[in-house]
Amino acid sequence: MKKAIAVSLAVLMLLALVACAPKAPAPAASEATAKPAEVTAAPAAPAVTEAPAKEFNPKDYPVAIAIGVKNHPVHRIIQLGFLKRAKELGYDAQVIGTEGTDWNEVYAACDAAAASGTKGIMLWAGDDTCYPTLKKMKAAGVAVGIAHFKFTPTPEGLTFGLACDAAAYGKACADFIAERIKGKTGSVAVTQNTKNNTENAASDAFIARMTELALPGVKVLPVELEGSDVSAATNINAAIIQKNSDLIAAFGTTGNSPVTWSDAAAKAGKKPGDIVIVGMDYTEANLAKIESGEVTAIIAQPLYTEAQKTMDLLDQYFRTGSVPAWTPLDAPMVYKGGSGPSDPATYKGIIEEVKTWFK
């Protein structure tokens with residue numbers, strides 16, 4: 001019995017000692033588990049500084065208008081529109097070409113301009129004789145815009161074109177004349193300066209529309225060329241009147257036509273209004289003829305506007321490398337009593353500016 005009690009006491013003492021023994025320290029946490037490592041961003045790469053783009057400078061792109069018969073009043077209007085707009089945009093611009101009618105001289109002037117560093121040209125050319133020059137300008141890196149004359153298809157080297165629709169105003173002229181000669185019988189004459197894309201289209205459309213209208217007792221005469229010399233053209237038109245004593249109307253597709261036809265009518269003893277005369281362009285002389293009643297109407301080809309727009313498109317091309325291939329413009333009929341774009345007074349300011357600019 002005593003022995004059992006002794007064993008029990010021994011066991012209890014042993015358990016007490018175990019309970020009171022100091023606990024072993026917990027194993028130290030590793031660096032990886034102590035706390036998450038902080039992610040330090042790599043130092044930012046130094047910013048790349050691009051060289052500033054060179055600012056566009058119009059002075060780096062000299063331009064020119066290449067035109068024949070430079071002193072012609074119609075051509076002066078065109079030159080004014082181009083030169084004035086070029087100046088407003090900051091370009092150096094010049095007129096190149098010839099005083100006469102030899103377009104080979106105009107094309108030679110284009111070659112010389114390209115060789116001297118000209119970057120853009122407004123070329124006044126109305127037929128395929130300009131095609132070799134267009135190719136040469138393309139090879140030389142010269143942008144070329146042709147206003148007033150439409151080429152279909154677009155020839156190689158032509159950067160863009162713009163003009164009023166000659167066929168549209170030819171048709172409108174036929175309707176206008178038909179209204180003015182209503183109830184009359186007789187002949188109607190059609191004259192051109194030369195055979196070229198624009199005048200051909202106007203004459204063809206005029207004749208087609210008159211044929212379509214089929215006015216009783218009205219006959220349209222074959223197209224005749226009156227040329228660009230005012231005196232010679234007046235004599236040609238006077239001869240047409242003499243050969244056709246029943247002439248009641250005339251449509252001339254050149255800028256001289258209002259003067260040459262009205263003077264021819266006077267030579268033939270006709271009074272203002274005896275022949276309904278419609279010609280082209282708002283020159284000072286032509287506007288005076290409308291005022292006096294010697295000319296019934298003119299078609300206001302947008303000479304000044306198309307030249308301005310040509311310079312605008314060259315500017316756009318230099319800056320962006322892209323322009324519309326074709327831009328259409330309007331050509332209103334201008335007559336005494338008309339309003340807005342049909343009022344002769346609308347164009348007098350341009351005429352006065354032409355005289356000041358080229359004095």
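Nothing in this text is a laboratory measurement; each read-out follows from the coordinates by a stated rule. This one's a predicted model, so the numbers in the text were calculated from it and none came from an experiment. Cβ sites come from the backbone with ideal geometry, for glycine too, and all protein chains shown count toward neighbours.
Of all residues in the stretch 183-195, which are surrounded by fewer than 17 Cβ atoms within 10 Å (Cβ to Cβ) and assigned to a loop (DSSP other than H, G, I, E, B)?
183, 184, 185, 194, 195
So that you can scan it fast, the table gives a plain yes or no per residue for (1) over 21 Å from residue 149 (Cβ atoms); (2) among the aromatic types (Phe, Trp, Tyr):
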{"site": "279", "(1), (2)": "no, no"}
{"site": "282", "(1), (2)": "no, yes"}
{"site": "307", "(1), (2)": "no, no"}
{"site": "314", "(1), (2)": "no, no"}
{"site": "348", "(1), (2)": "yes, no"}
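Among the numbered conditions (1) more than 22 Å from residue 271 (Cα to Cα); (2) in contact with a Leu (Cβ under 8 Å, 6 or more places away or on another chain); (3) among the β-branched types (Val, Ile, Thr), tell me where residue 211 comes up short.
If we test residue 211 against (1) more than 22 Å from residue 271 (Cα to Cα); (2) in contact with a Leu (Cβ under 8 Å, 6 or more places away or on another chain); (3) among the β-branched types (Val, Ile, Thr), just (2) comes out false.
I'd like the full set of residues that are among the charged types (D, E, K, R) and within 15 Å of residue 249 (Cβ to Cβ), limited to the stretch 212-227.
Once the filter is applied, which keeps residues that are among the charged types (D, E, K, R) and within 15 Å of residue 249 (Cβ to Cβ), the stretch 212-227 yields 219, 224.
When residues of the stretch 273-307 are filtered for being in contact (Cβ under 8 Å) with a residue 60 or more places away in the chain, in a loop (DSSP other than H, G, I, E, B) and among the acidic types (Asp, Glu), how many remain?
Matching residues across the stretch 273-307 total 1.
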